[in-house]
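Worksheet: the structure to be examined is printed underneath.
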Amino acid sequence: MPSYRIFVGRVPLSVTTDEITARFAKFGKIIDAYIPHNPITRQSKGMAFISFDNEEAVEQALAHGKHMLGGELCEVKRADPKSDAGSGLPSVSAGALITTGGGGG
């Protein structure tokens, strides 16, 4: 099944899923809109994922360039279709894992 999903970055923390949906609905039918939150603080991570029902909607959203949400310009990219261990969410590639602390000594 093809993925018709976009990534929206630099989303202000105050923006809601309803605002995201209202902003992007003009490009096509939205199947899902998701704003990841920190599981401990429950604060937005400043990004969103939007799934459309067709490729044309994705292309139109991307062609628009940056989008205004919560008074800020947000970047829009095609979401990576790879899933993270079957979670259904696009994977994020950090390049390197950095850890701090630890025992040693």
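The values are calculated or read from the model by the stated rules, or taken from the named source; none is laboratory data. Here the structure is a predicted model, which is why all the values come from computation and not from measurement. Quick reminder, even Gly has a Cβ in these numbers, built from the backbone with ideal geometry, and neighbours come from all protein chains shown. What goes into the accessible areas is simple: the full protein's heavy atoms, side chains included, and nothing from ligands, DNA or RNA. Shrake-Rupley method; radii C 1.70, N 1.55, O 1.52, S 1.80 Å.
Taking I98, is it assigned to a loop (DSSP other than H, G, I, E, B), at pLDDT 95 or above, surrounded by fewer than 16 Cβ atoms within 10 Å (Cβ to Cβ) and of a type outside the set (G, A, S)?
In short, no.
Inside segment 21-45, can you point out the residues that are in contact with a Phe, Trp or Tyr (Cβ under 9 Å, 6 or more places away or on another chain) and not aromatic (F, W, Y)?
Hits for segment 21-45 are G28, K29, I30, I31, D32, A33, I35, P36.
So M47 fits all but one of (1) of a type outside the set (D, E, K, R); (2) in contact with a helix residue (DSSP H, G or I) (Cβ under 9 Å, 6 or more places away or on another chain); (3) under 19 Å from L73 (Cβ atoms); what number is the exception?
Answer for M47: the failing condition is (2).
What strands (runs of 3 or more DSSP E) lie completely within segment 1-58 and have 1 or more residues being open to solvent by less than 20 Å² (accessible area, probe 1.4 Å) and of a type in the set (F, W, Y)?
47-52
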